[in-house]
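Structure first, then comments.
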Amino acid sequence: MNRFPTCLACTAALALAIVPGHGVARAQSSDLMYGRTSVLLPPQTDSGSFDGTWFYVNRDLRIAMWMQTVDGKVQAKFQILRTGMNETFSTGWDGRATYNPGVGNGEGSFRLDLAKTTADRLEGTWEWALRFHDSSRVETSEVAFYRSADGRQMTMHFPTYKLEIARYEDVSTWEVPQLWTFRKISRRHLLWDEMPF
């Protein structure tokens, strides 16, 4: 009895089972501290629009994002709360903010620069920094936004995410791609108090 065709068929079926689905992109990091890290990116859709109110929640963050299109260019502004430190701030439509973090004698700064905007995709750079006289936390990355699923979900992809934490002379650095999924809750601009968190 020839078992070769059967083994070949089993191997092919196994290979298909572990390959990501059609339309799903995989972004990888070469960060040796954590081994290989990958992020599965959902496919982009042209359904819906960016304009309106979006939100994102995780264990440490509450983010409201308002978006509008002016003269064919998409603009975004944020209100962000970091729950662990009760650190909060709001940006203007330029995507920038400087703020008092509410602890110590530090200064916080945030900057989102959208270099390329279309009706379905935004690309730019992100920097969020918190600096004190003897320590700092700085997040930087290229960033891309696009709508996914039914057009009411938005993928925010940080392919070159880098977190640097400094304390006196000691500096620790993490480079791991990030993926946040925002949910659209209204076509109008809601108030922070209307957010579902």
Practice problem: Would you mind classifying the range 22-191 by shape? Square roots of the alpha carbon gyration tensor eigenvalues, ordered a ≥ b ≥ c; an a/c under 1.5 is rounded, otherwise it is prolate if a/b is larger than b/c and oblate if not. | Solution: oblate
Self-check item: Estimated inter-spin distance, GLN68 and ASN105, nm [label 7 Å along Cα→Cβ]
Solution: 3.9 nm
Quiz item: Given H placed on each backbone N at 1.01 Å, which residues far from VAL143 in sequence or on other chains put an amide H within less than 5 Å of it?
Solution: GLY124, THR125, TRP126
Quiz item: Over the range 28-169, what is the mean sequence separation of C-alpha contacts under 8 Å (at least six apart), divided by residue count, expressed as relative contact order in percent?
Solution: 18 percent
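Pop the C-beta distance of THR98 and THR160 into the FRET formula with R0 = 30 Å and round what comes out to the nearest 0.05.
On the way: r = 24 Å, r/R0 = 0.79.
Efficiency computed from Cβ-Cβ geometry: 0.80.
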Quiz item: HN-Hα J couplings of the range 120-131 from phi, Karplus 6.51/-1.76/1.60, θ = phi - 60°, integer Hz, Gly and Pro as x?
Solution: 10, 8, 10, 9, x, 10, 10, 9, 10, 10, 9, 10
Quiz item: On full extension of the chain, what length is gained from LEU191 through ASP60, given 0.36 nm per residue of separation minus the C-alpha to C-alpha distance?
Solution: 45.1 nm
Quiz item: Points 7 angstrom from Cα along the Cβ direction at THR88 and TRP174: gap in nanometres?
Solution: 2.5 nm
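Every read-out reported here was derived from the displayed coordinates using simple, explicitly stated rules and does not represent laboratory data. Bear in mind the structure is a predicted one, so any value in this text is a computation, not a measurement. With ideal geometry, Cβ positions are generated from the backbone for all residues, glycine too; neighbour counts draw on all protein chains shown.
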